[in-house]
Every structure is written in C-alpha cells, then in structure tokens.
Amino acid sequence: MASVEELKRQDMERLAEWAMEYRRVQEREAKRNVFLKVWYTEDYKFLSLKLAIAALVWFFIGGAFALFLRSQAGLASTGIPMVVSPSYYFQAMTNHVMDMIFGMAFTFVFALSFYMIPTLNGTRLIKWPKIANAGFWLNNFALLMMNFGGVQNQYMFTFLNPLKASPTWYIGYGLMVVAEWMEIASVLGTSFIGRVKGKLVPTAIGFIVMDMIMMALANVSVFIADMWSLFSPIGGLGINFFGVPNAEIWKGLFWFADHPLVYFVPYTLSGATVALLPLYARRPIYSYRFMRWLIPVLFVLGSSVYVHHLGDDPWPLVLRDIFAQTTTALIAIPFAAFWLLFFITLGDPRKLKWDTGLAFLYAAAVWNIIGGIQAEPTNPVQAVDPTIHNTAWIFSHFHIMLALYSVGGVFGAIYAAGPYMFGRKWYSEKLSWLHFWGWQAGMGLFVTASAIGGFYGLIRREVAWAAFYEPYYQLLMIGGWVAGFSLIVFTFNLILTLLYGEKIKETDIPMWAVLSIAMERYGLRREGYKEEELPVALPADGMIRVEEFVRATERASSSTSGVQASGTQAKGEGLAKVTESKADTDLKINK
C-alpha cells in the first residue's frame, strides 16, 4: 500500500502532465482570434461559454414563440387571430417545444458538462474537440431546419393521426440526434481523460456520465422513429420505403425514449448540485456512498418510465398496466432520497449564507418535489392518464419540471460557478435577485393557473375553448410575460458582467472545484473509503506548479538507486526535459 505522501506525489504528477498538455492547448488558442474561436475552440471554458450563449439565444427564440401562444390565448377564447392565426398557433407551439428543449435545455446541459468535468477532475482538457464543435454547429443547423418547417409543423400538436410534420422537420430532427451523439461522445471521452485506474471519479462526474449514456441509448429509438416517418408517406419526400406508416410504431418508438430524455437536464443538474452543495453547506454531503448508489438506480428507472405514455395503446399488458405504473411510481424514491440528502446537508436554512445561486438551487429542489407530488397520483393510473395528458394539468407538470426545476437549477449553477468561467464577479446582485423573483413569480403563476384550469378540464392543444377557461389563459399570459422579463434582466446582467464585472483572481483550477473535491475526499474518507480510492486531489490554492513537481521528482530520483528507482527516475527525467524544452513559453502555470 502506498503512503499518503506517495499518493499525493502521484496526484501531483498527473496534474502536472495534464497542465503541460493544457498549456499546449492555450498556445494553439492564442493563435486564433475571437471569430475563429467562436467557430472552433479547444479551450473548455470558451467552449462552455459558447454553448451557454447559444442556449440563451434559443431561450429567447423559444420564448418568443411561447409569448405568441400565450398572448393569443390570453386575448381570445374563440380562435379569432388577435396575435397569430390558428395554423401558426400550432406551428409556433411545435417550434416552442423544440427550441426550449433541444435548443435551450440540452445545450445548457452540454455547456455544464464541458465545464464541470475538466474542472472537477483537474485535466482542463476536452477530448475530441473537433467532434464537439462540429456537433454544436450541426445541432444549431438542424434546429433551424426544424423551425423552418412551415405550416405543416402545426400537425405535431394536434390530434391528427398519424403525427405529421414537414420533411425539413424530420431531416432536421435526424441531424440533431446525430449532433447530440457527437457531443455526447466528446463529453464521455473528456470524462475518461481524468479517469485514473483504481480511483473513484468525483460523484458529480458520475451523474453526468450516466446521463450521457442514457441519452445516447434513448436516442436510438427516437432516430429509428424519425427515419421511419421520413421514409414513409407522411415524410413528404415521396420515398415510401416503409410503405403505409403505422402510427403505433411512431408513438411506441418515439415515446420509448422521449420520457427518458426529459431526465437529461435533471441528471446533469444533479451532478452540478452535488458539486456545489458542499460549498453552501460548508461541509461534505451527508453520505457520498448513498449518493453514488443513486446513480445506477436513477439510470435503470429513468430509462423505463416511458411506458406510462402508452397506457391507451395496444401494447402488452405487462408494459401498460404493471411495468408502467411500477416504474413511474418508483422513480420518485431515488429523487426523494436525493433531496433528503440535499436538505440534511444544508441543515437549518436560517444559518446559510444566501445568494442567488443557492436560492435557485433551493427553489429547484422545492419545485421538483411539488411536481413529483402533482404527477405521481395521476400519471401511473391508466384510467386517468389518457385524460390528464390532454388537459392543462400536464403542461403545468411539465413546466414545473423543465422551467422551475431544471432551468431554474441551471440558473443556480451558472450564478454559482459562472464567475470562475467568466473571470469576473456578477455585475449586479440586485439584478440577480430581480431575475430570481421574476422567474419564480412568473412561472409560479403560470403553473398554478394551468394546474387549476386543468383540474377543471381545460383542454390543451386547442385554439378555442369555452369562455369559462379564458381567465386561466389570461393568467398564463401574465405569468409568461413576467418570466420573459426576468430573462431579459438576466441577459442584461450577464452582458454587463462580461464587459464590466469586477475581475477575480484566476487560478489554474477554480477554487469552487478545489473546495468541492476537498470536501468529497474528506467525506469519502470518513465513510471508510481507502486513501488510494479517493478522487485525484486538487492543489489547495488552485495552482498547479509544474516546476516544483519536476524538482520534487528529481529529489526523489536522486535519493534512490538501482532497478527499483529506474521507473520513477525515467519519468522525472522525461518531465524535466519537457520543462526545459518549453522554457521559452513559460510553462510555469501559476504565473
């Protein structure tokens, strides 16, 4: 068994090797101007920032479609075009969903992944950056194709059967899945750069890796469903490769994966929460061992909840009535356990040092619990589920889970870790709090009005309804505009931060990650894990000193002789040579 000092030396060696590789990345980045970096970058922070800004752009595009819908619905209950025509109403609904989920939410997930994994494992390296950048641009091109589908896209959210959209929608969707696979491959490769044999990966990275694997597998059936539709009579290309389309095949294959994909943001957000939670609690998570066991449990259950969407379809009874109800009910257990650890770790909220990041994360936890309570009594019950899915009750549940829990939690992660990515403190704390309360009030009003309206039978996917329901749609319109205003406030604050925010002291490894890993190592040690199993230790001050490592290696080499020391000496001499050859580029990372 290696001594503690030997383990520290090994960790220092790995960090130094990664630091030298990252220095070469920085040298290549220095040769690119900002426009070239937007097109292609190898730097993990710039790539993450690029993805986050693109997600924010899609947020505005999808939000604009949403406000068209809500304003039309809030101003007319008869379908008379006050803002948009009925055909464009459903077209905008399709585009709103696609832009918000795949353009905004999924891109935020990749932004978090490409930032948090290299930061927490200490590598600061992206694996296959060409694939990651190509996937990013292909994804945006695919989304544009889907948005430009025209009036045919309205059929995606009406009762017409089989479901139908424009050929560009199906082609764009297929390209988007390919783009997501490319980005997923790069994220998984990035996680393996920092994988050290015999050592545990940080718990946060475990959640993210699990999430990527689940989405990659789930997208297989979605891709097949998309190709099935494209090469059938409803594809619009005149290539009837599969003959007469079977609507049940589309729904079966599509919904097989579509519900697992709604966990794509929550699972990566769970990883981010695990990383940031100890910073606010000022102590390790109550049980890392239990938290790590939740990863495979969430993977298995999250991959099987899909079937409650097929309750009224002619699928085998074991899927529809037994497996569907069981998995949909069981998925609440690991989420409940996760939030139990969350609240136990934080302790008394009156003793916490509150900022906008913690407020968003805390509110996300509360909203996720509310959304789960709202869904569990209804969705698994096959006598109720088909009816519920066609009322406003279901889009109340969905907006709780996506807007208030998932996106709200992502806002929390951005507020907490963003300054380290930007290199600047947030410009205005007041604007941050205005964003928080505007988002909570606007979306809170939205989900409350839609839940109550749905309880009274407010039908979704219609453009006209009884005047009795119009007040609910008016509240939805007000809530949507308030939330939209808060997003403008956030964007304004972000721009001011990037331009004028107070600069913070930069370290090689951001201090939030240093503290998070230190807390996790302490917690794992306390729970009985062996020293050699712990994640790679990050330097206490966040600085990776390559020259000091080389000198330490040389001293260790000089104090030994013979065959036993030959391996260590060779490695020390190799690093010394690299240092000497790079002297003109100043390999001292902590300058």
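Within segment 530-543, if we keep just the residues that are open to solvent by 40 Å² or more (accessible area, probe 1.4 Å) and part of a loop (DSSP other than H, G, I, E, B), the residue that is nearest to Pro202 (Cα to Cα) turns out to be Lys530. The condition (being farther than 25 Å from Tyr405 by Cβ and part of a helix (DSSP H, G or I)) is satisfied by just one residue among Leu434, Leu499: Leu499.
Hey, among Ala570, Ala552, which residue is under 15 Å from Lys8 (Cα atoms), open to solvent by less than 90 Å² (accessible area, probe 1.4 Å) and either of a type outside the set (Asp, Glu) or at pLDDT 65 or above (or both)? Answer to the check: Ala552.
From the list Ile101, Ile131, the one residue that fits, being at pLDDT 95 or above, open to solvent by 10 Å² or more (accessible area, probe 1.4 Å) and either of a type in the set (A, V, I, L, M, F, W, C) or within 21 Å of Ile208 (Cβ to Cβ) (or both), is Ile131. Look at segment 15-34: where a residue is of a type in the set (A, V, I, L, M) and a partner is open to solvent by 30 Å² or more (accessible area, probe 1.4 Å) and in a helix (DSSP H, G or I), sitting 6+ places away or on another chain with Cβ atoms under 7 Å, you get Met20/Val578. Scanning segment 345-381 for residues being modelled with pLDDT under 75 and in contact with a helix residue (DSSP H, G or I) (Cβ under 6 Å, 6 or more places away or on another chain) gives a total of 4.
Residue by residue, here is whether (1) touching an Asp or Glu at 6+ places or on another chain (Cβ under 6 Å); (2) of a type in the set (Lys, Arg); (3) farther than 30 Å from Ile388 by Cβ holds:
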{"residue": "Trp426", "(1), (2), (3)": "no, no, yes"}
{"residue": "Leu431", "(1), (2), (3)": "no, no, yes"}
{"residue": "Gly438", "(1), (2), (3)": "no, no, no"}
{"residue": "Arg461", "(1), (2), (3)": "no, yes, no"}
{"residue": "Ala464", "(1), (2), (3)": "no, no, no"}
{"residue": "Tyr469", "(1), (2), (3)": "no, no, no"}
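For segment 494-522, a tally of residues being closer than 14 Å to Ala204 by Cα and not charged (D, E, K, R) returns 8.
A single entry from Phe136, Phe207, Phe148, Phe192 fulfils the requirement of being in contact (Cβ under 8 Å) with a residue 40 or more places away in the chain, out of contact with any His (no Cβ under 8 Å at 6 or more places or on another chain) and surrounded by fewer than 18 Cβ atoms within 10 Å (Cβ to Cβ): Phe192.
Across segment 209-221, the number of residues qualifying as aliphatic (A, V, I, L, M) and over 19 Å from the mean Cα position of the chain (by Cα) comes to 1. State yes or no: is Val38 without any contact (Cβ under 8 Å) to a residue 60 or more places away in the chain, within 30 Å of Leu475 (Cβ to Cβ) and touching a helix residue (DSSP H, G or I) at 6+ places or on another chain (Cβ under 9 Å)? Spelling it out, it is not the case that Val38 is without any contact (Cβ under 8 Å) to a residue 60 or more places away in the chain, within 30 Å of Leu475 (Cβ to Cβ) and touching a helix residue (DSSP H, G or I) at 6+ places or on another chain (Cβ under 9 Å).
Residues in segment 24-81 that are under 22 Å from Phe106 (Cα atoms) and among the acidic types (Asp, Glu) were compared, and the one that is surrounded by the most Cβ atoms within 10 Å (Cβ to Cβ) is Asp43. Residue pairs whose Cβ atoms lie under 7 Å apart, sitting 6 or more positions apart in sequence or on different chains, and linking a residue in segment 292-306 that is more than 21 Å from Ser221 (Cα to Cα) to a partner that is in a helix (DSSP H, G or I) and not small (Gly, Ala, Ser), are Arg292/Thr203; Leu294/Pro334; Leu294/Phe338; Ile295/Phe207; Ile295/Met210; Val297/Pro334. Of all residues in segment 104-128, which are surrounded by 20 or more Cβ atoms within 10 Å (Cβ to Cβ) and part of a loop (DSSP other than H, G, I, E, B)? Passing the criteria: Asn121, Gly122, Thr123, Arg124, Leu125, Ile126. Applying a threshold of 7 Å to beta carbon distances and a minimum spacing of six or more residues, or different chains, the list of pairs starting in segment 503-515 at a residue that is part of a helix (DSSP H, G or I) and ending at one that is surrounded by fewer than 17 Cβ atoms within 10 Å (Cβ to Cβ) reads Val514/Ala540.
The values are calculated or read from the model by the stated rules, or taken from the named source; none is laboratory data. The structure presented is a predicted model; accordingly, all values stated were derived computationally and were not measured. Note that each Cβ is placed from the backbone with ideal geometry, even for glycine, and that neighbours are counted across all protein chains shown. The protein model used for the area step is the full one, side chains on, heavy atoms only, and it has no ligands, DNA or RNA in it. Shrake-Rupley method; radii C 1.70, N 1.55, O 1.52, S 1.80 Å.
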